[in-house]
């Protein structure tokens, strides 16, 4: 420690060993006044730590969503392309041969057996349902009802807000 | 954190390292308030603090493999948040802003760096919100460098060396800044703790 | 020996196909952000949302619909998707569960970073969900979600 400010800081934080502390206090013009100030600082520090505890951050769930969206934008799209390392009987060559054969069979049979969907939704006898909906804002309400046609559903949010026409959405 | 919470955090961390974003989502929830608070106390700007908080967790995700557990996850995140906040401060210094977006209800006057705060009347009792406001205002009167070391030492309880490593200066500089920052806070808040 | 292995592979392939067929040809959730307004005369809706006009019109009371954005997402359980992410309006969709007839998803609607509503929904194939969003100018933002 090169100067008074550094030694004082260490002294205040109790970071000096006994010899260093005695030497420092001996060099103070008014040790009692310095000790009183140290006591004041301890009081203030206690109050600071007690007061400035983390308050819940605003828009907290939005932060999570934004972080995860950023992570997903960055990730390479290899999750569905994990390689299975063959063991035992399945050497690389046999695995490649077996894989090519399976692909050919699957392609041929799926063409015959699996129905093709176009862009339009296919009909189903099952309906969509809103199981629950809630808002933490007492001024907002959310309720659900069946959409015309009987299969779809509507989640009706009251007072979801207003965006001026000249404000960009994206 | 108690041992149960630490065990839960360790499990979430291990799962996050395998790429499980739902586990990382929970880690964000556990630490976001503190990360935001560190950023806010350094930056004194709500929007910038939110951006830094977001940036902190994205950086943490990218670096999970490099987190070796020698410090706590909280300390590690604090360091990332502090570095990100200091980057913002440095950008501000090279491109000074003319306006300062403060949290509504907490107007911070740039001139307050040299103007002493109004002492509270001795007869007034101070509630928690008032005390908090006084602290926030007093921290606002410090320079960015001084405020950063105070936040890291007094709120995050980092060692001098950890602070030096985080802000990128020498040990002696950290201790000198603490000296002057503490003196200024004591002057600003003397009436406050004298009432207690 | 070679013939036995060939046979084993063939039957494994058939079994895999049966499983894949049962697990469904479509594994995606399609979502769109639509602006619903009234215009005179009414304009035709883009082809992507034309099939939904018969649901949108009576529910929301508008006659013209514009497509602002759409996304098709393969939603495995636990993985989230974000529809038209922006700072103004933002829908997060996370798949919680699935069974033979539907997906159970959690929806979080954010407007100006504030979580407006959170909802759990069962989405069946061909049965769309319409979500009434905030007003925009003289119109209304509507989200459409559907399993395809």
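The values are calculated or read from the model by the stated rules, or taken from the named source; none is laboratory data. Every value quoted in this text rests on a predicted model; they were computed, and no experiment measured them. We place every Cβ from the backbone using ideal geometry, glycine too, and count neighbours over all the protein chains shown.
General observations
- Selection of the stretch C:104-116 for residues being buried (at least 21 other Cβ atoms within 10 Å of the Cβ), without any contact (Cβ under 8 Å) to a residue 60 or more places away in the chain and more than 24 Å from residue B:46 (Cβ to Cβ) yields only C:107.
- Counting only helices (runs of 4 or more DSSP H) that sit wholly inside the stretch A:29-133, those with at least 1 residues that are within 9 Å of chain C (Cβ to nearest Cβ), modelled with pLDDT of 80 or more and surrounded by 14 or more Cβ atoms within 10 Å (Cβ to Cβ) are A:60-74.
- Matching residues in the stretch A:149-170 - criterion: being at pLDDT 80 or above, more than 15 Å from residue C:140 (Cα to Cα) and assigned to a loop (DSSP other than H, G, I, E, B): A:152
- Among all residues of the stretch C:37-52, there is at least one that is modelled with pLDDT of 85 or more, in a strand (DSSP E or B) and surrounded by 15 or more Cβ atoms within 10 Å (Cβ to Cβ).
- Of the residues screened, residue B:152 is not one that is touching a residue at least 12 places away in the same chain (Cβ under 8 Å), more than 10 Å from chain A (Cβ to nearest Cβ) and not in a helix (DSSP H, G or I).
- Index of the failed condition, residue B:142 passing every other in (1) part of a helix (DSSP H, G or I); (2) over 25 Å from residue B:71 (Cβ atoms): (1)
Conditions tested, residue by residue: (1) at pLDDT below 90; (2) more than 16 Å from residue B:192 (Cα to Cα).
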residue	(1), (2)
B:99	yes, yes
B:120	yes, no
B:157	yes, yes
B:175	no, yes
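- From the list C:114, C:122, C:92, the lone residue that is touching a helix residue (DSSP H, G or I) at 6+ places or on another chain (Cβ under 7 Å) and facing another protein chain (nearest Cβ under 7 Å) is C:92.
- Selection status of residue A:146, facing chain C (nearest Cβ under 7 Å) and touching a strand residue (DSSP E or B) at 6+ places or on another chain (Cβ under 8 Å): no
- Filtering the stretch C:53-75 to residues that are part of a helix (DSSP H, G or I) and in contact with a strand residue (DSSP E or B) (Cβ under 8 Å, 6 or more places away or on another chain) leaves C:53, C:55, C:56, C:59, C:60.
- Scanning the stretch B:37-75 for residues that are without any contact (Cβ under 8 Å) to a residue 40 or more places away in the chain and within 7 Å of chain A (Cβ to nearest Cβ) gives B:50, B:53, B:54, B:57, B:58.
- Within the stretch B:1-25, the set of residues being facing another protein chain (nearest Cβ under 9 Å) and within 23 Å of the chain's Cα centre (by Cα) comprises B:24, B:25.
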